[in-house]
Amino acid sequence: MTQQKETHAFKTEVQQMLHLIIHSLYSNKEIFLRELISNASDAIDRLRFKAQTEPDILEEDGEFKIKITPDGIRQTLEITDNGIGMTQEELLENIGTIAKSGTAEFVEAMHQLNQTDASTPELIGQFGVGFYSAFIVADKVTLVTRPAGAKTAVKWESTGDGTFTVEPAEKPTRGTTILLHLKKKEKDEPDFTDPWVIRRIVKKHSDFVAYPVVMDVEKDVPIPETEQIKDKNGKTIGATTRKAIEEEILNSMKAIWTRDKNEVTEEEYNEFYTHISHDWTPPLTRLHLKFEGTTEYSALLYIPAKAPFDLFRPEGRHGVQLYCKRVFIMDNCRELMPEYLGFIKGVVDAPDLNLNVSREILQHDRLIVNIRRNLVKKVLELVKDMDEEKFTVFYDEFGPVLKVGIHTDPDHKTKIADLIRYKTTASEGKWVSLAEYVSRMKPDQKEIYYITGDNLSLLANSPLLENLKDKGYEVILMTDPVDEWVVLSLTEYEGKPLKSAEKGDLEIEDDKKKDDVNTEYDSLFSYIRSQLDDKIKEVRPSARLKDSLACLSGDVYDHSAFMEKILAGTGRKIPDVKRILELNMKHPVLEKIKALYENDRSSAELQDYSRLLYDIALIGEGGKIENPSRFSRTIGELMATAINS
């Protein structure tokens, strides 16, 4: 060890990194404490490991802890551990190695993020340059360290100006002490010497570090009765408490995800869920697993009993937190769970995590990709194994968002399809799985029929379903907007094609083949089409209707009425797609309109009846007619004529 003070210059890239850290992090400054506590925890971990073969190095100060000492008057903050400590060579090598291995990539990533991205604070820990995060809040950093088993210590000091000094020092115990000389507090910035601020930061970022993070605090403690001042009658007349300094543990150390699940109580599970979710309702179920093998990680995930208010908002936060060796890395970790499972709350602890770039690169990290794949599989299995009562609660809350996975996750599309449920024309208001639907299809039924819309009652009573229901065919009633995308991706189930009851030819009419329809109506249909040319593209005989007079349908590749409504609701300009007006060839009204047409093709009533047919079809699907007063007048005239006759 050198016997005198030496001054060293930081390498160029280290100076660049320090400049970025000091000048570019305008928010989330508090992560510096997370990093220093994390380093302290690692130092204790290394000491415990070394003690397995060298137990004598633990001869002093056997209780492991990390101590924080704030000084509001001097505006300093001290972080001390009793871990393995460092020699001068190790100090220079560790700091040099940290910078050498991570600095260049850190600088590049910061530039890519325009130096102000919300992910920037996370890069500090990801690059292993956590020690330098001290300069976010400090204008001078002093480090004194003494290695376990040695009697001498070394002091490192820098103002972050491009140089640092190293010199011998005195330290009574092993471990490392870092003293931060804090910068002048900016407006609206927390006071990092305030005990309440320190408590909050530790609770948020380091609550599950395995060793106690402690701080001396002033508390009121009872005065022993023998020391209390009493009057002649024995009544206490003086103070019963006095101020005393006590060491307070700031973190819970309850990293329950690392424990055997048989050792964790239900109460502990629920307390932890409340802590990470701020949801006081007990979770619906949970998944606790430890995966060992090529990919090692621990996970504790919860399915809430209630959907969060921001479930369908793009900016809604995911509930999975990422840890590395029980040290918090990031929350809202979208890379660990797909959007359609964004309601999952919990933690994933990956000790071998190699987070060396930003969130964008994290998406392609092989370890994260493997963890994500395994977790999605396990979560879907967890849902599948729920009992009926619990599953119903789950599906009522999260069914719509789960269905998003059909469209966005082709790898798990089949598994998700097994889980989704729908109401049907025969389910009497109960959820029905696609497997149940297929199991009770009619022998002559080749397709799974569905219809989309936003009103369950309107769909169940839609004229479009009359012939299907008459033949005993069950129809799935899809009422979530996402269902329009579900049917785009899920074109079949168990070999049975999904068929819209609203679009294309149903091919179920057996009284007449389409080609055999009497051509005597062709001229009338052409006339009706000419009267409604701005609204429809064709008039045709209907294979859908049994009792109703008219309905609107679309070609196979047209948007459904529901999809048009969804797109219109987004404010987007959508192409004008004309519908098909289908008419019931067996309805007596059609015969009378035909007779009127043949008798007087110039009759004004024919124009009214053409528009009336369209309005009736539009009302039948829950649409709004263009001219309600005209519709009302026409209906009134028809009623008057019918009553008089």
> For the chain, what relative contact order do you get, as a whole percent, if you take Cα pairs closer than 8 Å and at least 6 residues apart?
Replying inline: 9
>> Antiparallel versus total DSSP beta bridges in the chain: what percent is that, nearest 5?
In response: 75
>> Using only the heavy atoms of the protein chains and a 1.4 Å probe, how would Thr142, Thr281, Thr491 rank by accessible area, largest first?
In response: Thr491, Thr281, Thr142
> How much length, in nm to one decimal, is gained on full extension between Glu507 and Asn233, taken as 0.36 nm per residue of separation minus their Cα-Cα distance?
Replying inline: 88.3 nm
> Measuring with a 1.4 Å probe in the full set of protein chains, what accessible area per residue, in whole Å², belongs to segment 183-238?
Replying inline: 64
> Using the alpha-carbon centroid of each, what span in Å lies between segment 397-415 and segment 316-348?
Replying inline: 19
>> Semi-axes of the equivalent ellipsoid for segment 516-581, please: Cα gyration tensor eigenvalues, times 5, square-rooted, ordered largest first, whole Å.
In response: 26, 14, 9
> For segment 151-203, what is the convex hull (Cα atoms) projected area averaged across all directions, in square nanometres?
Replying inline: 5.7
> What accessible area, in Å² to the nearest ten, does a 1.4 Å probe give for His8?
Replying inline: 50
> So what is the accessible area of segment 455-566 per residue, in Å², with the probe set to 1.4 Å?
Replying inline: 47
> Å³ per residue of the Cα convex hull, for segment 495-644?
Replying inline: 140
>> Between segment 240-299 and segment 536-612, what is the separation of their alpha carbon centroids in Å?
In response: 62
> Mind checking the angle between helix 88-112 and the chain's longest principal axis? C-alpha axes, 0 to 90 degrees, to the nearest 10.
Replying inline: 30
> Seen from all sides and averaged, what is the projected area of the convex hull of the Cα atoms in the chain, in nm²?
Replying inline: 46.0
> In segment 450-590, what percentage of the DSSP-assigned beta bridges are antiparallel, given to the nearest 5?
Replying inline: 40
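What translational diffusion coefficient, in µm²/s and rounded to a whole number, does the Stokes-Einstein relation yield for segment 376-512 at 4 °C and a viscosity of 1.567 mPa s, taking the hydrodynamic radius as the Kirkwood radius over Cα pairs?
Taking Rh from Cα pairs, D becomes 83 µm²/s.
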> With labels modelled as points extended 7 Å from the Cα through the Cβ direction, what inter-label distance (nm, one decimal) is found for Glu381 paired with Gln3?
Replying inline: 6.6
> Taking the Cα-to-Cβ direction at Lys586 and at Asp331 and moving 7 Å from each Cα, how far apart do the two end points lie in nm?
Replying inline: 6.3
>> Taking R0 as 51 Å, what FRET efficiency do you get between Lys430 and Asp534 from their Cβ-Cβ distance, rounded to the nearest 0.05?
In response: 0.75
> What does the accessible area of Arg572 come to, in Å² to the nearest 10, when a probe of 1.4 Å is used?
Replying inline: 150
> So, with a 1.4 angstrom probe, what is the percent of accessible area on the chain that is carbon and sulfur?
Replying inline: 48
>> Which lysines, if any, have their Cα less than 20 Å from the Cα of Lys254, not counting same-chain residues under 8 positions apart?
In response: Lys65, Lys67, Lys203, Lys204, Lys290, Lys325, Lys345
> Put a dot 7 Å past each Cα toward the Cβ at Lys243 and Ala307; how far apart are the dots in nm?
Replying inline: 5.4
>> What lysines does Lys624 reach when the alpha-carbon gap must be under 21 Å and sequence neighbours fewer than 8 apart in one chain are set aside?
In response: Lys503, Lys535, Lys537, Lys565, Lys573, Lys578
> Within segment 365-449, which GluC sites (Glu not before Pro) sit in a loop by DSSP and count at most 10 neighbouring Cβ atoms inside 10 Å?
Replying inline: Glu428
> Going by accessible area, probe 1.4 Å, with all protein chains left in place, what is the ranking of Ser277, Ser553, largest first?
Replying inline: Ser277, Ser553
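The values are calculated or read from the model by the stated rules, or taken from the named source; none is laboratory data. What you see is a predicted model, and the numbers here were worked out from it, not measured in a lab. So basically every Cβ, Gly included, is an ideal-geometry build from the backbone, and we count neighbours across all protein chains shown. The accessibility values were calculated without ligands, DNA or RNA, using every heavy atom of the protein model including side chains. Shrake-Rupley method; radii C 1.70, N 1.55, O 1.52, S 1.80 Å.
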